[in-house]
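One structure below.
Read the figures in this text as sums done on the coordinates, not as results from a lab. Being a predicted model, the structure only gives us computed values, none of them experimental. Virtual Cβ from ideal backbone geometry, glycine too; neighbours counted across all protein chains shown.
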Amino acid sequence: MPPVLDDHLRRALAERLRYYHELGIYDFYRRQPQVAVESAASADETAEPARLLTSQPELREEMPARHSAVVAAVAEENIFDVLTPKPEYGVADPKAALKLIREDLGDCTRCKLHKQGRKQIVFGVGNPRADLMFVGEGPGADEDAQGEPFVGRAGQLLNNMIKAMGLRREEIYIANVVKCRPPGNRTPERDECETCSPFLMRQIAVIKPKVVVALGAVAAKNLLAFNAPMAELRGRFYDFLPAGARSNDPSWQGAKLVVTYHPAFLLRDPRQKGEAWKDLQMVMKYLGLEPPKRAAE
Ligand code: SF4
């Protein structure tokens, strides 16, 4: 008999898996989905357990095939980019260039998230000349309602993190991998990320930050185009160039990228705040930032 999960249990399981992913625990699933893929390919009629596994993005994301698929998609995007100039190319003013990207996005229907209950597109907010960018996963309910990333409880915590770094929210730029709210705050699926993230890459190429902070595993995975546990991803700088996007400024040789926990995860597990602070201190040192006096006392 194939296993049957009711909706409540399925949602609870998905939430639990997401929590483990944020902690960097992936190994439970590595082998099982691999077997599931093989059985799905070889025996459609008898592969119900495989379908059950592969229909859940939180499980599917750790399949070995995903890694190569993401890398391949980025490579293709680079090729198409050479052939297709973007409207913002040649526009020196980053504010004007971001406006052109927003116009190009339009009332976007490029992926299925456009018809899954979004109220509006959440493009990104902040200083078009920011040295520091934060990139999250996707809008939640508050962000969908207000049209701005990180405005709910997680946004409040992000604001506190920014303040602790001696910065103001207006000085940095904040965006997400996908610009429309996934229904029920589920993890954005691979095709949604691949369709939407080229716009994020173009935003990064226009802003030319010195540092990009990926908030959580989904952002890290999509920006870096590879998959690893948070414990491995954190604690180091990556050289980052936005895939498939070109900067107008030949002197900009890309940004440093740092991975830390998503604020929503830190709300669920405040014990990890100290670890996130270590990541941010790394960024502060690189950018020459001092914590404000009150935070240092
Ligand atoms: S998530 Fe991105 S690609 Fe998908 S509909 Fe929204 S703006 Fe378009």
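Could you please find all residues in the stretch 273-290 being in a helix (DSSP H, G or I) and in contact (Cβ under 8 Å) with a residue 12 or more places away in the chain?
Of everything in the stretch 273-290, those that are in a helix (DSSP H, G or I) and in contact (Cβ under 8 Å) with a residue 12 or more places away in the chain turn out to be 275, 276, 277, 278, 279, 280, 282, 283, 284, 286, 287.
One line per residue, one yes/no per condition, for (1) away from the ligand (no atom under 15 Å from the Cβ); (2) under 18 Å from the mean Cα position of the chain (by Cα); (3) surrounded by fewer than 18 Cβ atoms within 10 Å (Cβ to Cβ):
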| position | (1), (2), (3) |
| --- | --- |
| 85 | yes, no, yes |
| 117 | no, no, yes |
| 121 | no, yes, no |
| 127 | yes, no, no |
| 138 | no, yes, no |
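Return only the number of the condition from (1) within 24 Å of residue 101 (Cα to Cα); (2) in contact with a strand residue (DSSP E or B) (Cβ under 8 Å, 6 or more places away or on another chain); (3) of a type outside the set (D, E, K, R); (4) away from the ligand (no atom under 16 Å from the Cβ) that residue 200 does not satisfy.
Unmet for residue 200, out of (1) within 24 Å of residue 101 (Cα to Cα); (2) in contact with a strand residue (DSSP E or B) (Cβ under 8 Å, 6 or more places away or on another chain); (3) of a type outside the set (D, E, K, R); (4) away from the ligand (no atom under 16 Å from the Cβ): (4).
If you go through the stretch 202-232, how many residues are out of contact with any Ser or Thr (no Cβ under 9 Å at 6 or more places or on another chain) and either surrounded by fewer than 21 Cβ atoms within 10 Å (Cβ to Cβ) or farther than 21 Å from residue 150 by Cα (or both)?
Residues meeting the conditions: 9.
Which of the residues that make up the stretch 199-225 are over 12 Å from the mean Cα position of the chain (by Cα) and of a type outside the set (A, V, I, L, M)?
Across the stretch 199-225, the qualifying residues are 199, 202, 203, 208, 209, 210.
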